[in-house]
Each structure stands twice: as C-alpha cells, then as structure tokens.
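Asks: This is the structure I have questions about; it appears just below.
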Amino acid sequence: MSKHPHDRFDDVPHATGRVGAHRAEQPGMNGAVVLLWSAAVALVLIVVGIFVALVMMGRISLFPAAEEPTAQPPGVVAEVDTSYRVLILNATPADGLVESARQSLLAEGWAAADVFGSDGSSQEFTQTTVFYVDEADEAAALGVAEVLGGAEVEQSDFYATLNDSDRKQLTVVIGLDRVSGGGETAGTEETPEG
C-alpha cells in the first residue's frame, strides 16, 4: 500500500472526546421554561380529552336541536266539552275569581248547574290549573284551560272525591297568577279568550 505524502494537517494534535457545536448550550432554553411549556401542553391535552369524552358519552351536544314549544302533548287536541261538570276552587286571597271563571264557562255553553265552586282553603297555589282524573278527560281539560285563558292542565285524582255525581268532573284551581299586585283580579276588565 502506498503511503500518503506528509502535509500540515498531520501535525495537528488529536483531541480526545467530542468536538463541535452540539456541546454548546441552546440560548433561551432553560429547565423552568421547558417545564412550564410541558405543563401547558399537558393541561390543554387533558381538557381536550375530557371534552371529547363528554361529547362521545352524549353529555354535551355540539349542535342541540331547537325545541319547539308545545302547548299540549302531541295527539291530544283541546275540546270544549260541556258534558263535564266543572268545580272551580279559588286558592287566592282575591274575591270574585270563581264567579269570573264561572261566567267564562257559561258563555261557552255550560249549564249553570254544571259549573260551581267556592273559595279554597289554600292561598299559596301559584299557577291556575285544570285537574282531570282519566286520560280520556285530557282533551276536555285542555278545552277548559283554553276557555279560561291559558291555564295549566294536570292529571291527578286528588280532587276525585269532590265529585258527588256519576258524571265526569273537572276541577279548576285558580292560582295567584290570576291576581294582580293590588289584590284585584287580573283581567276582570277583559273578556276571557274562548
């Protein structure tokens, strides 16, 4: 084998260890900054992971469907049925509400003997409600609620014992929503909607 000719690079002493820029410190990078950025990235990943998990479990809806308000359950249509007896109870401190509701029902065709009422013992009933016993009575209860101008409707047998006849009966409990601030009846000047 031939030997290379001697030149000036042959006289440079050989250093031990690694030589080069890879040993130099990177400017601006220290342990605290790296730790802070690592914590921030971990926090973001955890929050995103929780959000994705809640969406996949159905606890969060990204695009909720707009709910349409319904005055009554689907399939049940309000019907003004004058064959029902109607008991009206006044659960407010105001006077004249029973007679006002009675006149509204009489104007829709109920017989005078079939619509009756009295002042109730409770004065803390907040929302005027028409109570019915059987599911078959719901349409008639919705009809009474419309005649009285937007009362609530609820199925309950609580007032069933107040029916002393064989005919079906609805019970209207007049609440504080029908009383204005001065103790006068709300809407006594107006004609109820029919």
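Asks: Within a 10 angstrom radius of the beta carbon, how do Asp164, Asp177 rank from fewest other beta carbons to most?
Replies: So the residues, fewest neighbours to most, are Asp164, Asp177.
Asks: Show me, for region 160-176, the HN-Hα J-couplings you get by feeding each phi into the Karplus relation (A = 6.51, B = -1.76, C = 1.60, θ = phi - 60°), rounded to Hz, glycine and proline as x.
Replies: Working through the residues one at a time gives 4, 6, 7, 8, 9, 10, 7, 7, 6, 9, 10, 10, 9, 10, 7, x, 5 Hz.
Asks: Residues in region 143-173 near a label at Gln127, defined as backbone nitrogen under 19 Å from the 7 Å Cα→Cβ point?
Replies: Zone members listed by number: 143-159, 171-173.
Asks: Quick one: check the C-alpha center-to-center distance for region 77-97 versus region 139-181, whole angstrom.
Replies: Rounded to whole Å, the Cα centres lie 5 Å apart.
Asks: Check Val115: other-chain or 5+ apart residues with amide H under 5 Å from its amide H, H built from backbone geometry?
Replies: Val86
Asks: Per-residue HN-Hα couplings for region 55-64, Karplus 6.51 cos²θ - 1.76 cosθ + 1.60 at θ = phi - 60°, whole Hz, x for Gly and Pro?
Replies: Each residue's phi maps through the Karplus curve to give 5, 5, 7, x, 7, 10, 10, 5, 10, x Hz.
Asks: Could you put Glu146, Glu135 in order, starting from the residue whose Cβ has the fewest other Cβ atoms within 10 Å?
Replies: Fewest-to-most ranking of Glu146, Glu135: Glu135, Glu146.
Asks: Now for a different question. In nm, to one decimal, how far is the modelled label at Ser38 from the one at Asp134, with both set 7 Å along Cα→Cβ?
Replies: Going from the Ser38 label point to the Asp134 one covers 7.5 nm.
Asks: For region 80-95, take each phi angle, set θ = phi - 60°, evaluate the Karplus expression 6.51 cos²θ - 1.76 cosθ + 1.60, and give the result in whole Hz per residue in order, putting x for glycine and proline.
Replies: Karplus values, whole Hz, x for Gly and Pro: 7, 10, 7, 7, 7, 7, 10, 9, 10, 10, 8, 10, 10, x, 7, 9.
Asks: Count charges around Leu87 for me, please; just the other residues with Cβ under 12 Å from its Cβ, Lys/Arg as +1, Asp/Glu as -1.
Replies: Charge balance in the 12 Å sphere: +2.
A short reminder: the numbers here are calculations on the coordinates, not readings from a lab. Because the structure is predicted, anything quoted here is derived from the model rather than measured. Here Cβ is always computed from backbone atoms with ideal geometry, including for glycine, and neighbour counts include all displayed protein chains.
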